[in-house]
1. Using square roots of five times the C-alpha gyration tensor eigenvalues, list the equivalent-ellipsoid semi-axes of the range 231-340 in whole Å, biggest first.
2. Pop out the ³J(HN,Hα) list for the range 303-318 in order, Karplus 6.51 cos²θ - 1.76 cosθ + 1.60 with θ = phi - 60°, rounded to Hz; leave Gly and Pro as x.
3. Which value, in debye to the nearest 20, describes the size of the charge dipole of the chain about its Cα centre when Lys and Arg Cβ atoms bear +1, Asp and Glu Cβ atoms bear -1, and nothing else is charged?
4. By per-residue mean of other Cβ atoms within 10 Å, what is the highest-first order of 307-314, 175-182?
5. Tell me, rounded to the nearest percent, the portion of alpha carbon pairs in the range 401-545 spaced more than 21 Å apart.
6. Karplus couplings for the range 455-465 from phi (6.51 cos²θ - 1.76 cosθ + 1.60, θ = phi - 60°), rounded to Hz, Gly and Pro as x?
7. Using amide H atoms built 1.01 Å from N in the peptide plane, name the residues 5+ places from residue 132, or on other chains, whose amide H lies under 5 Å from its own.
8. For the chain, what is the calculated [θ] at 222 nm in deg cm²/dmol (nearest 500), taking -39500 (n - 2.57) for each run of four or more DSSP H residues and dividing by its residue count?
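The values are calculated or read from the model by the stated rules, or taken from the named source; none is laboratory data. Nothing here was measured: the structure is a model prediction, and the numbers come from that model. All Cβ positions, glycine included, derive from the backbone under ideal geometry; neighbour counts span all protein chains shown. With ligands, DNA and RNA removed, areas are computed over all heavy atoms of the protein, side chains included. Shrake-Rupley method; radii C 1.70, N 1.55, O 1.52, S 1.80 Å.
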Amino acid sequence: MSAEHTVGTAMLHLVASQGIPVVFGLPGVHNLTFWSSDAPVRVVGVRHEQAAVYAADGYARATGRLGVAFSTTGPGAVNGVAAFGEACISGSPILLISSDVSSALRHPDGPRGILHEMADQAAPFAAFGVRAVTATSGEEALREVAAALSRAHMSPGQPTYLGVPADILGSTWDAPLPAVPSTPAAVPADDDAVDSLAALVRQCPRVGIWAGGGVAQAGDTGEQAVASLAERLGAPVVTTYAGRGVMAGHPLTIEASVHEPEVGELIGSADLLLVIGSAFDAMNTKNWKMPMPARRAAIGLGDELPRTITWDVLVRADLVATLGALNARLGDVRRSPWNDVPLRANIRARVSADERTAAAVEFVEAVETWPADGVIVTDMCIPGYWTSSHAVQPRRRRLLNPVGWGTLGFALPAAIGPAAAGMRTLAVCGDGGPMFARGELATYVQEKLPITLIVVDDGGYGMLRFDQKVFGHEHRGVDLVTPDWALLAQSFGIPFTEVSDGATLRNALAESARRDGPSMILQRAEFFPPASTSPRWFEAIPGNTETA
C-alpha cells in the first residue's frame, strides 16, 4: 500500500480483499475519505443513513457475505439505529462504520460542543447486545474490520458497529493490511446432549421439523443435513419466514405458512417437534400459543431459545455438526413419511375460494412468477405479509423479510443491497412504507439498479386499519394522503405501470424483469390480511378462545 492511503481507504481495500464488491453510505464532513478515488469497491451513495444500513442488511441476507455501511458522525450514525436493530434481531452479518468526532478535540471530562459530538456514540448500538466499539487507533480500526469479516459466515449472523474518530479515519496508512482471521470454529455439540436428543427421536415415531433462518445461513451443508434427517425420519418440514426456500420442492417440505390452521394441526399432531436453526420467536409461533406436541427439542445458538418454551432437549451448538452427530446415532432408524396430505395445495385452494382473500391470492400467484434467480424484499404491509407467508420460494435467500424486529419502511431501501450486487430485485410495499424512504428512488436511478417497486395502495396503513376494526375502534391515524405515484415515478424518470388485477400484474412484472434499471408498478387494492397476522391467528381454530 502506498503512503497516500488513509485508514478509511485501507478499510475499503480490506473489505475488497474478501470478495465484497459493493458498500453503502452517505458522505459527511468527517468521513469523506471513503469516497476517495482510490476506493477499490463500488460505493453506493444513498440519501439517508438508515437506507445505507438497510441496503447492507439486504445485501448480507441475499448473498451471505458481510454487508458494509458507512455513516458520518452523530446524527448520521444515530440515523442508522433502527435499521441496525433490524439486522441484529434478524441475525444479518453487517458492519456499520461511523466516523466519530476527532479524538484530538475531545475533552476527557465529556462533551465540549464539537460538531456532531455525543458522549458515547457507540452506546445506542451496544444496546442490542452486539459488538459496538470506538477505535482508538488505525490499527485497532482495521483489526475490527478484519474481525467482522471473519465473523460474517457465523450463524446466527453477527452485526458490528465500529466508530472511528475522524482524525484517525483520515490519517495515513502505509502498513500492510491485517490478515482476516479464520472464521471462529463452530460450537461443538455436547455428546451427552446429542445422545439425549437421539434417544428422544427414537422414542417418538412422528417427528416434525421446524427449519429456521439458521439453516439458510448454513448454506448447502445445512440444507443437506436437514434434508438427510427428514428423509431418515419421514418427517415433514415447515419453515419460518427466514427459512423460506429451504428444501424447496422437496416432497417432505410443506411450503406453507406455519400460521395456517392445517399446518398448525400437523405440527400439533406430531409426537416431537424438532426446531433447527430458529429462535422460535413470538411472531412465528403466535406468541407460543400455536398447537405443539408434548415433546419439543431444539438445535440452535443464541440467547433467545432457552427463554421461549420448555424444551425436553436443547442442544446449543452448531447445527451442521449436531445434525451430523445425530444422524450417526440414528444409523438404524428408517421411517416412512407420516404425512401424505397435500397441505400447500389444499390451503391455496381454500384461500383462493374465500371471497375475502381471493384477490390477495391472485397477487401472490403473480409475484411467484418473479425470476427464480432474483430476490423478493417485502415490507411490513398486507401485500408483504401475503408474499412472505404464501409465495412459494424456489431457493433459500430469495425472500428478505423484516419480521425480525418489524421495521416498517424496510423494503424500498433494503432492495438496494441485492440489486447493487446485480440481482434482479422486487420490492413489495404498501403505500405507507415507501414514504419512509422515497428519496432512495433517486438512488435507484442514479445507480441504475435493477429494482421493481410494487406499491399496493389502499389509502393508508391497511393492517392497522384492520386492527382497529377488529378491536372495535374508530379509524384514526391510519388513513393517509398518498402521492400521485405516476407523477412521482415520472419525476425520477422511472418507468411506471398501473395494474388492476393478478393477470395485468403478471404482465407488468414480466416486462419490468427485462429492464436494466428500476421501474414502478401500482395496484390500487385493499387486501384482506392473511392468517399470519395476529388478529387472525386463532380465528380458524375451533374452540380456541385465546386472543393474540
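1. Values: eigenvalues 78, 70, 38 Å².
Whole-Å semi-axes of the equivalent ellipsoid: 20, 19, 14.
2. 7, 6, 3, x, 9, 8, 10, 7, 10, 5, 9, 10, 9, 8, 7, 4
3. Working: 41 positive and 56 negative charges, 158 e Å.
Approximately 760 debye in magnitude.
4. On the way: 307-314: 15.1, 175-182: 12.2.
Final packing ranking: 307-314, 175-182.
5. Working: 5008 of 10440 pairs.
Considering the range 401-545, 48 percent of its Cα-Cα pairs are separated by more than 21 Å.
6. In residue order, the calculated couplings are 10, 9, 9, 10, x, x, 8, x, 5, 5, 4 Hz.
7. Result for residue 132 returns 161.
8. Working: 22 runs with 194 residues, N = 548.
Calculated from helices alone, the mean residue ellipticity at 222 nm is -10000 deg cm²/dmol.
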